[in-house]
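The values are calculated or read from the model by the stated rules, or taken from the named source; none is laboratory data. Predicted, not measured: the structure shown is a model, and the values here were computed from it. When we count neighbours, we look across all protein chains shown, and the Cβ atoms used for this are built from the backbone with ideal geometry, even at glycine. For accessibility, only protein heavy atoms count, side chains too; no ligands or nucleic acids. Shrake-Rupley method; radii C 1.70, N 1.55, O 1.52, S 1.80 Å.
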Amino acid sequence: MIKTSLHLLRRFGAFHSYTNRHLNSCGSLILPRIRNKASVNFQTVRDFCSDWDLDVESVLKDNSYEEFSERIFRLSQHGHNVLVIQPFIKHQSSWEEGKLKNTTPELQLEEAEALIDTLSQWKVSDSMLLGVPSFNRTYFFGSGQVARIKEILNKKKSISAIFVSTNILRARQIINLELELNVPVFDRYTIVIQIFRQHANTKEAKLQVAMAELPYLRQCVKGFPLGLSDRLASGSVIGGLGRVLPQKRKDLLKDREQKLKKAIASLRKHRERLRSSPKIGSYPIVAVMGYTNAGKTSLIKALTGKDSLKPRNQLFATLDVTKHEGLLPCNLRVLYVDTVGFITNIPTDLIESFTATLEDAIHSDVLIHIWDVSNPDFLQQQQHVMDTLKRLEFGGNLEKKVFVVANKIDRIAKDKLLELKMQIPQNNTFFVSTKTGEGMGEMLDNLQKKIIVATGRTRLKIRVKTGGSEEEWIRKELPVVGMELENDSEHTVFSVIVTKAQMDIFKHKFLN
């Protein structure tokens with residue numbers, strides 16, 4: 001007779017210490033074999049995930065479009081020496097009542113400089129805050145501010161471009177500023193697009209970056225008057241050599257969009273098949289999301305121990321949504337999903353273009369929202385991420401999915417850290433340093449609990465006959481946390497993590 005007892009342990013620590021003791025005594029015979037089996041399964045998952053055979057390069061290759069887009073975005077192979085301008089409304093109340101809250105113009109200027117530093121061969125030559133009563137429809141800046149910018153350009157002849165750190169400038173504003181200042185003028189949209197182009201390595205990323213370019217190009221086509229088609233400042237001709245009628249530009253973008261939408265639809269179907277495949281569907285999915293450069297890749301590296309992951313200290317280092325296997329302390333294997341970062345003050349179109357791959361995160365069981373608490377602007381950043389996730393329709397249970405990791409505590413003073421912990425509710429926020437490992441143990445214990453609950457799993461103890469078919473099935477199909485051989489050696493008690501479906505299968509196979 002087989003006896004099955006269900007025992008939900010309250011603390012993971014008991015599991016963890018129990019497992020360690022039994023790994024020393026009998027782990028060499030049992031647990032390594034379980035891990036090897038799981039490793040084979042995950043290799044199959046990785047191979048299956050890369051099996052998307054669409055020829056993206058043929059979709060993207062379009063000489064007419066490339067010529068047009070390169071002129072609009074003013075792509076430079078040699079980089080620029082940039083004057084960074086952070087505009088703001090002079091009245092502080094207006095700034096606080098606008099889109100950006102919990103921040104200051106000074107902090108936004110620091111982020112603007114970091115965007116330029118992210119681009120290869122681009123350098124910040126000078127930077128400035130520029131307060132205005134309101135934003136001018138024709139030049140964006142008033143005549144006095146334009147004169148002040150001219151004065152800086154005259155003093156620093158090495159400046160070859162201007163970055164106005166606002167989400168998007170109108171076509172007429174760009175033309176007027178360039179004609180007046182005689183250097184190319186960029187906004188946040190065009191700078192982020194150039195970062196995306198530099199960092200897009202896989203065909204999925206390249207495809208979605210190409211889609212992200214279209215809204216900007218479309219507004220330029222609508223906004224550039226035919227008589228001002230020559231960009232005198234940058235030496236470019238909008239729309240190709242000579243004058244190209246706006247309708248031809250629109251047709252060019254329409255054809256491009258149709259090709260990209262068809263390819264992205266194929267990508268979506270492919271990733272949907274992956275999610276519904278038994279090879280992936282049986283694993284808990286944990287999406288890691290957050291503001292750009294908050295430490296998403298570093299966290300996944302710490303959780304998985306994968307040396308191949310190379311975190312970079314730059315904005316938008318990750319554009320590809322990638323999956324990485326990890327092993328929880330209870331021996332349950334999970335898939336961590338690394339995602340593209342978010343940033344304030346850019347049109348949502350830029351992030352929405354990555355929806356095809358972000359859907360992997362939308363369908364996750366748990367969503368880790370990682371903060372960089374060493375950044376003075378982190379309150380604004382985390383609020384922006386949550387607002388964006390809501391706009392991207394992450395579902396009504398978004399708040400229940402979220403698990404907050406406050407990262408980079410090694411960069412702030414102890415008294416400041418204590419102050420933060422008192423200000424922020426800690427029932428769902430865990431302060432860590434992925435660099436030093438501080439706080440990682442407690443965070444992982446609680447993450448494990450959330451994953452188990454979110455996926456409908458239960459911690460059980462199952463008593464079976466030693467060496468029987470029941471034991472063989474448990475070792476093959478379930479994460480074994482620990483085991484104990486009874487005194488008579490005829491029965492073994494396994495501590496396992498199990499879903500209801502798995503338990504039903506066990507009962508069907510072995511219990512009458």
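Miscellaneous remarks
- Filtered residue count, the range 353-379, keeping only those that are modelled with pLDDT under 85, open to solvent by 10 Å² or more (accessible area, probe 1.4 Å) and assigned to a helix (DSSP H, G or I): 3
- Beta carbons closer than 6 Å, at least 6 apart along the sequence or on distinct chains, pair a first residue in the range 420-433 that is closer than 16 Å to N446 by Cβ with a second that is open to solvent by less than 20 Å² (accessible area, probe 1.4 Å) and outside any strand (DSSP E or B) for F430/M443; F431/I409; V432/M443.
- From the options V402, V385, residue that is open to solvent by less than 60 Å² (accessible area, probe 1.4 Å), at pLDDT 85 or above and more than 15 Å from N345 (Cα to Cα): V402
- Within the range 54-78, being under 30 Å from I159 (Cβ atoms), open to solvent by 10 Å² or more (accessible area, probe 1.4 Å) and out of contact with any strand residue (DSSP E or B) (no Cβ under 6 Å at 6 or more places or on another chain) holds for E66, E67, E70, R74, L75, S76, Q77, H78.
- Residues that are without any contact (Cβ under 8 Å) to a residue 24 or more places away in the chain and closer than 16 Å to F506 by Cα, drawn from the range 444-457: none
- Inspection of the range 461-477 identifies no residue that is touching a helix residue (DSSP H, G or I) at 6+ places or on another chain (Cβ under 8 Å) and under 30 Å from V404 (Cα atoms).
- Residue check for L460: loosely packed, with under 14 Cβ neighbours inside 10 Å and of a type in the set (A, V, I, L, M): no
- Selection status of L460, under 30 Å from A263 (Cβ atoms), in contact (Cβ under 8 Å) with a residue 12 or more places away in the chain, in contact with a Leu (Cβ under 8 Å, 6 or more places away or on another chain) and not in a helix (DSSP H, G or I): no
- Filter result for I497 (open to solvent by less than 70 Å² (accessible area, probe 1.4 Å), within 32 Å of the chain's Cα centre (by Cα), over 23 Å from G326 (Cβ atoms) and in contact (Cβ under 8 Å) with a residue 24 or more places away in the chain): no
- Of all residues making up the range 307-352, the number that are open to solvent by 30 Å² or more (accessible area, probe 1.4 Å) and at pLDDT 80 or above: 4
- Within the range 99-121, the residues that satisfy the criterion of being closer than 25 Å to Q381 by Cα and in a loop (DSSP other than H, G, I, E, B) are K99, L100, K101, N102, T103, T104, L119, S120.
- Residue count for the range 251-284 satisfying the condition of being basic (K, R), at pLDDT 85 or above and open to solvent by 40 Å² or more (accessible area, probe 1.4 Å): 4.
- Every residue from the range 409-440 that is over 24 Å from the mean Cα position of the chain (by Cα) and not in a loop (DSSP other than H, G, I, E, B): K414, D415, K416, L417, L418, E419, L420, K421, M422, Q423
- Taking the criterion of being free of Cβ contacts under 8 Å to residues at least 60 places away in the same chain and either open to solvent by less than 50 Å² (accessible area, probe 1.4 Å) or under 26 Å from D365 (Cα atoms) (or both), the residues of the range 469-490 that qualify are E471, W473, I474, E477, L478.
- Residue check for H508: surrounded by fewer than 17 Cβ atoms within 10 Å (Cβ to Cβ) and more than 21 Å from L328 (Cβ to Cβ): yes
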